[in-house]
Amino acid sequence: MAVISSTANVEQWGIFEVALQGSVEGNPFLEVELSAQFRHKHRTIDVDGFYDGEGVYRVRFMPDTQGEWSYTTRSNQAELNGVEGTFSSIAPSANNRGPVQVANTYHFAYADGTPYKQIGTTCYAWVHQGDEMEKQTLETLRTAPFNKLRMCVFPKHYAYNENEPERYPFPCLTRGSSKWTGSWWGDEKSGWSFDFSRFDPAFFQHFEQRVAQLQELGIEADLILFHPYDRWGFATMDAETDDRYLRYVVARLGAYRNVWWSMANEYDLMRSKTMADWDRFFRVVQEADPYQHLRSIHNCFAFYDHSKPWVTHLSIQRSDLEQTNTWREQYRKPAVIDECCYEGNIPQHWGNISMLEMVHRFWEGTARGGYVGHGDTFLHPQDLLWWAKGGLLYGQSAPRLAFLRQILEESPTAGLEPIDGVTTWRWHGAACAGQEHEYYLIYCGRHQPARLTVNVPEDEEYRGEVIDIEAMTITPLLEPIVRGTSVTLPGKPYQALRVQRVH
């Protein structure tokens, strides 16, 4: 019997896994094909398996429906072919709400319908820093406000990233230089070589452990599949290797409900890839993923065409968050400004904005119907920057982002939509988002009006609260708000007004 182990009962949106014993001859990564068909009543779902080393083959499956499931494996190896079994999908536990999906065109929700209000952060290479620091990162995240983490599958070659990882995704044949020389193109490989015909299962076992730990913390793992910052040759693999890598990653990690797919970080800096390559990568991932996790791609300068059908949402690098609603309307998809510069003090311009500027940009994007991402880039004697390696947060924006997250989670479940005409001051910088006839969140940004006229609909009464985004205070207004009410504000920057209907 080929079966080593299988799961008897698994939660809805949990992971069922069957492990099979098979051949170690030749190169199983290239020569062995394995998949399984899962059945529930009238439905059938095909899922690819993968080789996990030492003769062990696995198939993972995330059931989206409770009840009895059966499966049959298919393989070009007799001992792996035709293996059958059954399991039960049971009710999800309290913290299991399923994968995040697009909801109401511009927003997100978990599969059970619970709204997902994204407050993201970036730790590109945190899984490549060794157990001690990785555990420190998880402890930091445990009390941080972030519910999404952008992270690279491949290690990163860049300033503050000269340390080598303990593991690589492919077997290393020759070691090269780790020196950062100021070039990120990855064309020369710096003396490194790898066997790209095989994967290193230990690398992926470690990686998926960290993804599972993020899941336990309620954090979505936004997995960056390619990036240009490379000294090992991972950014310049040939098309066949690229596609095989993508299918392997999807087979291993697709059953984790907290996974998002990001085709690349700063895709437009990867000189060896064409636009046709990026289109193909999207299609490979889309076709290999039976669960249709969220998919996007991150730019440096030029936007990818987010209107293409395989893109589920925008992942943007821009600092002009006043354009958030323009991007939403252009592509009619959720707009996530994952990189709007980082709180820190490094010499690079993108990594030295203040705490208040970081928080301001979150509010600016929020009040224009979008979602925003955080980063922390403070100089450290050992180059231990959160944005690169995780560890500790040294900035002061996180508590204020927790405050924003609380406000978002108290906002309408349908999401915040940009609304014009709520203040007579709208042409001079105020932004407003909400649900008409129900809720308005007005943000004044760097402006400091002492009075603001609010134009709620006729014959409706609202209550108002003044929000200080830096002090994290909420001050109720004593008088109700009706159409034309002139509200007194503190007359200083970074104030917001929350207006909620009473009658």
Which pairs do you get when a residue that is free of Cβ contacts under 8 Å to residues at least 24 places away in the same chain and at positive phi, found in segment 246-270, comes within reach of a residue that is buried (at least 24 other Cβ atoms within 10 Å of the Cβ) and of a type in the set (A, V, I, L, M, F, W, C), reach meaning Cβ atoms under 9 angstrom, with the pair 6+ apart or on two chains?
none
Being assigned to a loop (DSSP other than H, G, I, E, B), under 30 Å from Gly22 (Cβ atoms) and of a type in the set (D, E, K, R) is the filter here, so list the residues in segment 61-118 that pass it.
Asp64
Can you tell me how many residues in segment 284-321 are out of contact with any Asp or Glu (no Cβ under 9 Å at 6 or more places or on another chain), assigned to a helix (DSSP H, G or I) and under 21 Å from Arg361 (Cα atoms)?
0
Any residue that is under 21 Å from the mean Cα position of the chain (by Cα), at pLDDT 95 or above and within 21 Å of Val487 (Cβ to Cβ) - is there at least one of those in segment 410-424?
yes
Take the residues in segment 51-86 that are more than 30 Å from Phe199 (Cα to Cα) and either in the same structural domain as Ala251 (by TED's automatic domain parsing) or touching a residue at least 40 places away in the same chain (Cβ under 8 Å) (or both), then tell me which one is surrounded by the most Cβ atoms within 10 Å (Cβ to Cβ).
Trp69
Pair list, Cβ < 6 Å and 6+ apart or interchain, from segment 315-341 residues that are of a type in the set (Gly, Ala, Ser) to residues that are assigned to a loop (DSSP other than H, G, I, E, B) and modelled with pLDDT of 95 or more:
Ser319/Cys340; Ser319/Cys341; Ala335/Gly370
Kindly provide the set of residues from segment 312-335 that are closer than 13 Å to Thr105 by Cα and among the aliphatic types (A, V, I, L, M), ordered by number.
Leu314, Ala335
Lone qualifier among Trp327, Trp363, Trp386 - being over 18 Å from Leu416 (Cα atoms) and aromatic (Phe, Trp, Tyr)
Trp386
Suppose we filter Leu404, Leu379 for residues that are assigned by TED's automatic domain parsing to the domain that holds Tyr124, aliphatic (A, V, I, L, M), more than 19 Å from His349 (Cα to Cα) and surrounded by fewer than 24 Cβ atoms within 10 Å (Cβ to Cβ); which single one remains?
Leu404
Out of Gln136, Gln101, Gln37, report the one residue that is over 24 Å from the mean Cα position of the chain (by Cα) and either at pLDDT 95 or above or farther than 19 Å from Asp289 by Cβ (or both).
Gln37
Check whether at least one residue in segment 490-499 is surrounded by fewer than 20 Cβ atoms within 10 Å (Cβ to Cβ), among the hydrophobic types (A, V, I, L, M, F, W, C) and either farther than 26 Å from Phe108 by Cα or over 26 Å from the mean Cα position of the chain (by Cα) (or both), and report yes or no.
no
Odd one out for Gln435, checked against (1) surrounded by fewer than 20 Cβ atoms within 10 Å (Cβ to Cβ); (2) farther than 23 Å from Arg328 by Cβ; (3) modelled with pLDDT of 95 or more; (4) not acidic (Asp, Glu)
(2)
Just checking, does segment 36-50 include any residue being surrounded by fewer than 20 Cβ atoms within 10 Å (Cβ to Cβ), more than 19 Å from Arg244 (Cα to Cα) and hydroxyl-bearing (Ser, Thr, Tyr)?
yes
Checking Thr181 against (1) of a type in the set (S, T, N, Q); (2) modelled with pLDDT under 95; (3) assigned by TED's automatic domain parsing to the domain that holds Tyr116, only one condition comes out false. Which one?
(3)
Of the residues that make up segment 412-421, is at least one in contact with a Lys or Arg (Cβ under 8 Å, 6 or more places away or on another chain), closer than 23 Å to Val359 by Cβ and not small (Gly, Ala, Ser)?
yes
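The values are calculated or read from the model by the stated rules, or taken from the named source; none is laboratory data. Values in this document were obtained by computation on a predicted structure and should not be read as measured data. Don't worry about glycine lacking a Cβ; one is built from the backbone with ideal geometry, like all the others, and counts go over all protein chains shown.
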